[in-house]
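My questions all concern the structure below.
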Amino acid sequence: MSDSLHRLLDLQDRDLHADQLRHRRATLPERAALGERERALTELDASRPTVADRLGALERSQKRLEDEVASLTEKQAHEGTKLYSGTVTSPRELQAIQDEIELLARRQVMLEDELLEIMEQAEPVQAELDGLDRRHTELIVEVDRLRTSLGDAERVVDDELAAVDAERQAIATELPDDLLASYEKLRSRLGGVAVARLEGSQCLGCHLSLPATEVDAIRHAAPDAVVTHEECGRILVR
């Protein structure tokens, strides 16, 4: 049993090493960086439609004004043709045509001012949208790179973990079933450390000193007896 208890310490070493590897795998820097980029990509994708809608509304207003300006230009040309065609000879009608052309021209100037204002408003919105699209492309590239890097890093850890697990399984086959079962139960309850060395009067599992009476009882116990620390409950290896 004494040999089994020492092998139990070896088993625990492998289990603790495996725990460290699993923690390392879960906290790989590539994983954190990937999560950050994916969150940024999600936020960007959520904000882009709002900017695109703003630009779309401005573009529709711009198109409407451009159409109106084009229509006014066409009307002015038509009225100008009538004015100078010689087909209208009445001074009153000629004046009415002239007045209409001037009215159309004033309306066109107003629309062109509105159009210029809309175009000025659209310029920074277009720049903002272009910036979002560039950042989207950059993030996609970064996400792909980090996924590849994360996969490579995970494989390195997985290979180490597989080697440790193989050693663990080999040791576990050497241990009595009842001792292994007790170890597994204690390990689950005691934060991963189920067995500890007893050095002098100190338990190296909880680093507390045992009372002299408990130490004396352990020393007089049979060599193959499984003894535990009454305070922390861990199996003690003398």
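Looking only at segment 207-225, filter to residues that are assigned to a helix (DSSP H, G or I) and small (G, A, S); which one of those is nearest to A194 (Cα to Cα)?
Step by step, filter segment 207-225, then rank; the result is A217.
This table checks each residue for (1) of a type in the set (A, V, I, L, M); (2) over 13 Å from L11 (Cα atoms); (3) surrounded by 13 or more Cβ atoms within 10 Å (Cβ to Cβ).
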{"site": "I171", "(1), (2), (3)": "yes, no, yes"}
{"site": "S201", "(1), (2), (3)": "no, yes, yes"}
{"site": "L204", "(1), (2), (3)": "yes, yes, yes"}
{"site": "V215", "(1), (2), (3)": "yes, yes, yes"}
{"site": "D224", "(1), (2), (3)": "no, yes, no"}
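Check segment 144-152 and report whether any residue there is in a helix (DSSP H, G or I), in contact with a Lys or Arg (Cβ under 7 Å, 6 or more places away or on another chain) and modelled with pLDDT of 95 or more.
Scanning segment 144-152 turns up at least one residue that is in a helix (DSSP H, G or I), in contact with a Lys or Arg (Cβ under 7 Å, 6 or more places away or on another chain) and modelled with pLDDT of 95 or more.
Now a separate question. In segment 85-110, what residues are in a helix (DSSP H, G or I) and either of a type in the set (K, R) or more than 21 Å from S71 (Cβ to Cβ) (or both)?
Across segment 85-110, the qualifying residues are P91, R92, E93, L94, Q95, R106, R107.
Is one or more of the residues making up segment 33-42 under 30 Å from V195 (Cβ atoms), touching a residue at least 24 places away in the same chain (Cβ under 8 Å), in a helix (DSSP H, G or I) and not aromatic (F, W, Y)?
No, segment 33-42 has no match at all.
Shifting gears a bit: Name the residue that is farthest from V69 (Cα to Cα), counting only residues in segment 133-148 that are surrounded by 15 or more Cβ atoms within 10 Å (Cβ to Cβ) and aliphatic (A, V, I, L, M).
If we take residues in segment 133-148 being surrounded by 15 or more Cβ atoms within 10 Å (Cβ to Cβ) and aliphatic (A, V, I, L, M), then L146 is farthest from V69 (Cα to Cα).
So which residues in segment 147-161 are among the aliphatic types (A, V, I, L, M) and under 9 Å from E30 (Cβ atoms), if there are any at all?
L150, A153 - these are the residues of segment 147-161 that are among the aliphatic types (A, V, I, L, M) and under 9 Å from E30 (Cβ atoms).
I need the full set of residues from segment 176-199 which are over 19 Å from A18 (Cα atoms) and surrounded by 14 or more Cβ atoms within 10 Å (Cβ to Cβ), in order please.
Selection gives L179, S182, R197, L198.
The values are calculated or read from the model by the stated rules, or taken from the named source; none is laboratory data. Source: prediction; values computed, not measured. Methodologically, a virtual Cβ is constructed for each residue, glycine included, from the backbone with ideal geometry; neighbour enumeration extends over all protein chains shown.
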